[in-house]
Each structure stands twice: as structure tokens, then as C-alpha cells.
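Novice: Take a look at the following structure, please.
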Amino acid sequence: MNVDNGISPVSARSFPLWQLSRLRMATDGHGVTALVASFGCPLNCKYCINPQSHGADGKFRLVTPEELLKLVEIDNLYYLATGGGIMFGGGEPLLHADFIAEFRKIAPPEWHFYAETSLCVPEGNVLTAAGAIDHFYVDVKDTDAGVFERYTGVNASSTVIDNLSALLALNGPERITVRLPLIPEFNTPASVVRSRARLEDLGVVNFDLFTYKI
Ligand code: SF4
């Protein structure tokens, strides 16, 4: 698939950091986490919650794995005491799967790694990230291809479903939570039910159902 994320080149040594949020609790993941958010996203969701994370005028800085470690290891004791760690978000963090895998190699092994992703990335990125992330939060949006394209501006529903199938086979369903939102003006409660049934057939067991507030 062709992904235009506005960041070129990407590599295992360079991560476009646009937001670092320390000491998060009671959000995603477990324990205390640091949100490490990347710039750039292949989608253009109508109700994007992080519009600063992509687009022509975005602000970010490139960091190496060692520079990122310095920024987040200051909270090491909190991660260890609570079973927390690092949450990669965005934008689309799996565009930087090579970097995440490289970062995991130098981070303390006790840290837990999480990622919030649309899975709208090349399959190779998913395979790389699967070995580095403990738990994925996958924002599927809706399995109806028409709804997905109208909402995101991209015809990529089949890419998301194919990548989710690959991830389920690699990491198992317990390490994946699928987000299925009710999206005002784009889908309906009935289509959310249809999406859930289709995803259960694929093997998904953990769902986060909610309604977008606009
Ligand atoms: S996937 Fe996330 S960051 Fe990308 S456009 Fe959609 S809501 Fe925004």
C-alpha cells in the first residue's frame, strides 16, 4: 500500500516526536505510562482527535532511540512499580515500527510496550511491531468499506482487516483490543453490531465500544 505520511525518510534510528506526555494513569495500557506520539498519519479522519499530529504545518522533532530513552527513563521507577511502560501513539506509530523495535532493544526489559494504531500500514510494519509491542489498541473504526472510506478519506478497509488477521495470528487475541466507535453521521448502531460480529469471526475477543463526541 502507498502511505504518504509527510515524513521522509523514516528509519530505525529516527522518530518524528510531536508529543510526549508523561505519568499517564487510568488511560490506555496498565499502570503509569508515557505517551510517545509520532507525527504523520495515512488517514484523514473527519473527527480526528489529534489534528496537530499530521498535515503540512506540523511541528515535531526527530529523536534517536537513545534520545527517546533519556526522555522517558526519568519515570522508570513508576513504570516498574505499576507494571506500566510506553504507549506509542500518533498520528500512526506503526509507520515507525523499525524504530519501535530498535527502541525496545535498549529499553529496560521490565517495561511494557503498547501501541494505538489504525493498522493502516504495510504488512511488514505490522510484523515488525508484533514482536515489540505487548498490547495493541486497534482503531478499526468500521468494517464496512464504504463507511471507512467516507470517514477516513482513504480506501483501505481491507488493508486494516488483513493486517488485523495477521496480528491475531502472530500475537493472539488476548494481546489486542479493538476499538469500535459509533461515529455520528457516518455509521449506525446496526453497523457497529455488524462490525463486531465480523471481527468476532476473525477471532477478536476484546472490544472497546464507545461513541465519538463531536
Ligand atoms: S488515525 Fe488517528 S491521527 Fe490519523 S487521522 Fe485518524 S484520528 Fe487522526
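The values are calculated or read from the model by the stated rules, or taken from the named source; none is laboratory data. What you see is a predicted model; the values in this text were computed from it and never measured. For neighbour counting, all protein chains shown are included, and Cβ atoms are generated from backbone atoms with ideal geometry for every residue, glycine included.
Novice: Filter the stretch 56-73 for residues that are outside any helix (DSSP H, G or I) and either small (Gly, Ala, Ser) or free of Cβ contacts under 8 Å to residues at least 24 places away in the same chain (or both) and give the result.
Specialist: Within the stretch 56-73, Ala56, Asp57, Gly58 meet the criteria.
Novice: Let me ask you something else. Can you spot a residue in the stretch 109-119 that is modelled with pLDDT of 95 or more, over 19 Å from Arg22 (Cβ atoms) and surrounded by fewer than 16 Cβ atoms within 10 Å (Cβ to Cβ)?
Specialist: yes
Novice: I need the full set of residues from the stretch 109-129 which are among the hydrophobic types (A, V, I, L, M, F, W, C) and either within 15 Å of the ligand (Cβ to nearest atom) or not in a strand (DSSP E or B) (or both), in order please.
Specialist: Trp111, Ala115, Leu119, Cys120, Val121, Val126, Leu127, Ala129
Novice: Output the number of the condition that Asp98 fails; it satisfies all remaining conditions of (1) under 17 Å from Asp28 (Cα atoms); (2) crowded, with 19+ Cβ neighbours inside 10 Å; (3) among the acidic types (Asp, Glu).
Specialist: Here Asp98 meets the rest and fails (1).
Novice: Follow-up question, since we're still on this one. Only one of these is surrounded by 17 or more Cβ atoms within 10 Å (Cβ to Cβ), more than 16 Å from the ligand (Cβ to nearest atom) and closer than 21 Å to Leu17 by Cβ: Ile106, Ile133. Name it.
Specialist: Just one listed residue meets the conditions, Ile133.
Novice: Here is a further query. Can you go through Val138, Val147, Val178 and tell me which one is in a helix (DSSP H, G or I) and buried (at least 18 other Cβ atoms within 10 Å of the Cβ)?
Specialist: From the options Val138, Val147, Val178, the qualifying one is Val147.
Novice: Here is a follow-up. Among the residues of the stretch 10-44, which ones are within 14 Å of the ligand (Cβ to nearest atom), modelled with pLDDT of 90 or more, part of a loop (DSSP other than H, G, I, E, B) and surrounded by fewer than 20 Cβ atoms within 10 Å (Cβ to Cβ)?
Specialist: Asn44
Novice: A further question on this structure: For a quick check of your reading of the model, give me the residue pairs whose first member lies in the stretch 74-93 and is without any contact (Cβ under 8 Å) to a residue 60 or more places away in the chain and part of a helix (DSSP H, G or I), whose second is within 12 Å of the ligand (Cβ to nearest atom) and of a type in the set (Val, Ile, Thr), with beta-carbon atoms closer than 7 Å and at least 6 apart or on different chains.
Specialist: Pro93/Thr117
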